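Chemist: Input: one structure, supplied below.
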Amino acid sequence: MNSSKNRSQTNHFFYKLILLVLLFTASAKAQIQKVEPPFWYAGMKNPELQIMFYGKNIAQYEASVSNNVTIKNVEKTENPNYVFLTIDTKDIKASELVFSFKMKNKVAFTQKYALKERRANSANRKSYDASDLIYLIMPDRFANGNPKNDSNASLTDKENRKEPSGRHGGDIEGIIKNLDYIASLGATTIWSTPLNEDNDKQHSYHTYAQSDVYKIDPRYGTNEDYVRLSAEMHKKDMKLVMDYVTNHWGITHWMIKDLPAKSWINQFEKYTQTHHRREVITDIHASKLDQEVCIDGWFVPSMPDLNLRNPLVAKYLTQNAIWWIEYANLDGFRVDTYNYSDPTAMANWAKSVTDEYPNFNIVGEIWMHNQAQLAYWQKDSKVGAIQNYNSNLPSVMDFTLQDQIGSVFSEDEPNWDSGLIKFYNNFALDYLYPNPDNILVFAENHDTNRINDVYKYDLAKYKLVMTLLATVRGIPQIYYGSEIGMGGDKSNGDGGIRQDFPGGWIGDKNNAFTKEGRTDLQAKYFDFSSKLFNWRKSNEAVHFGKMTHYIPENNTYVYFRYTDAKTVMVVFNNNAKEQTIKTDRFKENIKNYKSGKDVLTGKSFDLSSEIILEPKSAVILELE
């Protein structure tokens with residue numbers, strides 16, 4: 001009888017224990033809804049790690065951590081659903097940590113947290129530079145590699161290819177399947193517009209209004225797919241650049257719906273939009289009000305403006321950027337709306353990233369229209385130093401050159417300030433840049449008019465544009481589809497310049513990804529582009545060589561790119577008529593070279609007296 005009673009009591013004890021374990025597990029799962037970063041890496045240069053724990057009233061618990069790890073700081077905000085723990089990971093090897101959350105000295109729940117091993121030599125990864133050609137992709141419009149993920153039940157905006165501003169279904173798999181095409185063009189690097197989740201009700205395909213910055217949008221694929229894209233590119237000696245956004249998130253971001261603190265975003269009494277006049281940031285006469293509206297005003301109503309002056313926000317964005325570099329093995333960043341955020345906070349962000357990765361290149365979108373304004377934002381700028389400012393930003397986008405590219409080749413009759421002199425004047429101001437070799441040169445991107453539309457689909461003018469990009473200083477970037485003659489009218493909305501690449505979808509009339517699938521006109525564009533950029537790929541003179549240019553005469557322009565071992569001579573004729581160019585003027589650079597071979601046609605030019613150029617044409621000569 002006692003034995004039976006003992007068994008009953010024992011069983012009761014175990015049932016109670018199991019119930020407590022189940023309740024404990026359920027409580028832990030219910031209590032912690034988000035942990036960000038979701039994991040981290042051992043051996044980082046900066047050992048301090050800020051971990052955000054999110055869950056109902058989580059701030060009321062006292063936290064501790066295993067493995068002799070020190071909690072250096074506990075930050076609680078006015079929202080009790082958040083707690084930010086800063087730990088010291090110095091000398092902590094890759095391992096699994098356990099965070100315990102106590103109430104009245106009793107553990108209420110725990111959370112495992114992984115410190116992972118870094119890739120070998122991760123800190124010294126090589127980034128993109130002037131030896132690369134960047135291919136800009138808008139993934140939703142490039143290729144649909146997996147039709148099964150075109151829409152997602154958890155996300156509002158569904159696939160609708162008939163709608164120019166709708167989601168069309170392009171994805172990461174589509175990029176992976178067409179890497180050989182991109183490589184055949186001579187491109188070495190891919191910059192994709194953002195791929196993180198964007199749950200806007202409409203226009204979500206551009207993905208600049210992100211709703212989760214630790215998650216790839218399911219309509220593009222998974223986090224693992226993004227890592228696989230990076231790995232497949234690296235197998236082909238290609239580089240992956242992430243489009244990173246520091247200025248804003250989307251209105252549907254989960255944290256915006258339950259702000260950690262009012263100061264997490266910039267807010268005014270009434271909705272206030274930025275005036276976009278970023279000159280006020282450096283203007284010594286600017287009013288404080290104008291500067292505040294510029295930096296703190298929202299980009300659009302659907303994009304809340306992040307307050308990087310809040311240390312928690314700044315740390316969150318810094319760690320998110322570093323996490324993606326480590327996790328996806330990235331090769332660089334392009335940062336959207338770079339100078340819409342607080343300048344000091346952005347300088348600290350850029351420094352934190354490049355302190356961890358000294359060779360890592362970051363190009364900022366500084367959409368301004370004079371060289372002094374652009375040069376101010378490049379790292380170690382003497383222009384910025386006038387105001388004791390150093391952005392720590394390695395690279396900027398050359399919007400002044402892009403401005404000129406959109407008009408020069410339609411200006412047949414030169415005068416004092418039109419035609420090719422615009423290019424000369426642009427490069428004559430390169431002394432303002434601390435590193436002109438490390439600025440991004442481009443004719444177009446996903447926000448501008450398509451260059452083929454600008455020049456009315458004139459193949460000769462397209463060739464002039466690409467010849468310029470391939471041979472001047474800086475890092476060239478081209479926009480998907482232009483290399484097969486794609487255009488599009490921006491006046492009809494952004495969808496007009498973000499059209500689908502032909503062949504990226506089942507049922508497309510032709511497949512321009514293949515030689516056999518291209519039309520005759522598409523082939524002419526592609527064959528020229530491929531030959532030009534594959535030549536550039538192996539010519540060090542146009543990567544980092546010096547540049548000497550000569551004042552344009554009669555709407556012709558001559559410049560040289562050269563090293564001690566190699567010289568390239570580039571000659572433009574922007575006239576509607578044939579031009580004869582006397583070579584004695586260029587003896588300073590021609591030196592003892594007797595001839596030059598055109599890298600595109602193989603034709604040899606005698607440099608002893610003159611060069612004859614056809615209308616609207618250019619030649620690239622390797623001097624012999």
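The values are calculated or read from the model by the stated rules, or taken from the named source; none is laboratory data. Since this is a predicted model, take the numbers as computed values, not measurements. Cβ placement follows ideal geometry from the backbone for every residue including glycine, while neighbour counts extend to all protein chains displayed. For accessibility, only protein heavy atoms count, side chains too; no ligands or nucleic acids. Shrake-Rupley method; radii C 1.70, N 1.55, O 1.52, S 1.80 Å.
Chemist: Any idea what the relative contact order of segment 130-186 is, in percent, if you count C-alpha pairs under 8 Å spaced at least 6 apart?
Modeler: Details: 66 pairs, mean separation 22.2, N = 57.
Contact order relative to length: 39 percent.
Chemist: Taking a spot 7 Å from the Cα of GLU413 along the direction of its beta carbon, which residues of segment 557-579 have an amide N less than 17 Å from it?
Modeler: Those under the cut-off are 574-578.
Chemist: By the scheme Lys and Arg +1, Asp and Glu -1, what is the net charge of all other residues having a beta-carbon under 11 Å from that of PHE533? Please list the in-between numbers first.
Modeler: Working: positive: LYS531, ARG536, LYS537; negative: ASP132, GLU483.
The answer is +1.
Chemist: Find the accessible area per residue for the chain; the probe is 1.4 Å, ligands and nucleic acids are left out, and the unit is Å².
Modeler: Numbers: 26780 Å² over 624 residues.
The answer is 43 Å² per residue.
Chemist: Past 21 Å, Cα to Cα, is the threshold; run LYS45/LYS351; LYS537/LYS566; LYS236/LYS537; LYS34/LYS201; LYS351/LYS379 against it and keep the listed order. Please list the in-between numbers first.
Modeler: On the way: LYS45/LYS351 13 Å; LYS537/LYS566 15 Å; LYS236/LYS537 14 Å; LYS34/LYS201 24 Å; LYS351/LYS379 10 Å.
From the list (LYS45/LYS351; LYS537/LYS566; LYS236/LYS537; LYS34/LYS201; LYS351/LYS379), the Cα-Cα distance tops 21 Å for LYS34/LYS201.
Chemist: Moving to a separate point now. Considering only protein heavy atoms and a 1.4 Å probe, what is the carbon-and-sulfur percentage of the accessible area of the chain? Kindly include the intermediate steps, with their values, before the conclusion.
Modeler: Values: 13500 of 26780 Å².
Solvent-exposed carbon and sulfur of the chain make up 50 percent of the total.
Chemist: May I ask you to compute the full-extension gain from ASP447 to GLN202, defined as 0.36 nm times their residue separation minus their alpha-carbon distance, rounded to one decimal in nm? Mind dumping the intermediate values first?
Modeler: Values: separation 245, 0.36 × 245 = 88.20 nm, distance 1.76 nm.
Extending this stretch completely gives an extra 86.4 nm.
Chemist: Report, in deg cm²/dmol and to the nearest 500, the calculated mean residue ellipticity at 222 nm for the chain, where each DSSP H run with n ≥ 4 adds -39500 (n - 2.57) and the sum is divided by the residue count. Working shown, then result.
Modeler: Details: 17 runs with 169 residues, N = 624.
When only DSSP H runs of four or more count, the value is -8000 deg cm²/dmol.
Chemist: Which option, (i) 1.10; (ii) 1.02; (iii) 1.15, is the value of Cα Rg over 2.2 N^0.38 Å that was calculated from these coordinates?
Modeler: This structure yields the entry labelled (i).
Chemist: As a quick test, which of the pairs LYS262/LYS315; LYS461/LYS524; LYS126/LYS215; LYS177/LYS235; LYS56/LYS112 have an alpha carbon distance above 22 angstrom in this structure?
Modeler: Working: LYS262/LYS315 17 Å; LYS461/LYS524 13 Å; LYS126/LYS215 25 Å; LYS177/LYS235 14 Å; LYS56/LYS112 18 Å.
Flagged as over cut-off: LYS126/LYS215.
Chemist: Taking a 1.4 Å probe, which of SER352, SER395 shows the most accessible area, and what order do the others take after it? Mind showing how you got there, number by number?
Modeler: Details: SER352 45, SER395 0 Å².
Heavy-atom accessible area, descending, gives SER352, SER395.
Chemist: Sticking with this structure for a sec: By a straight-distance test (C-alpha under 16 Å), which aspartates and glutamates pair with LYS515 as possible cross-link partners, with residues fewer than eight away in the same chain excluded?
Modeler: ASP180, GLU483, ASP527
Chemist: Only four residue types carry charge here, +1 at the Cβ of Lys and Arg and -1 at the Cβ of Asp and Glu. Report the dipole size of the chain about the Cα centre in Debye, rounded to the nearest 20. Can you show the working numbers first?
Modeler: Numbers: 73 positive and 77 negative charges, 483 e Å.
Using only the charged Cβ atoms, the result is roughly 2320 debye.
Chemist: Using Cα pairs under 8 angstrom and six or more residues apart, how large is the relative contact order of the chain, in percent? List each step's numbers first, then the result.
Modeler: Details: 1300 pairs, mean separation 66.9, N = 624.
It rounds to 11 percent for the chain.
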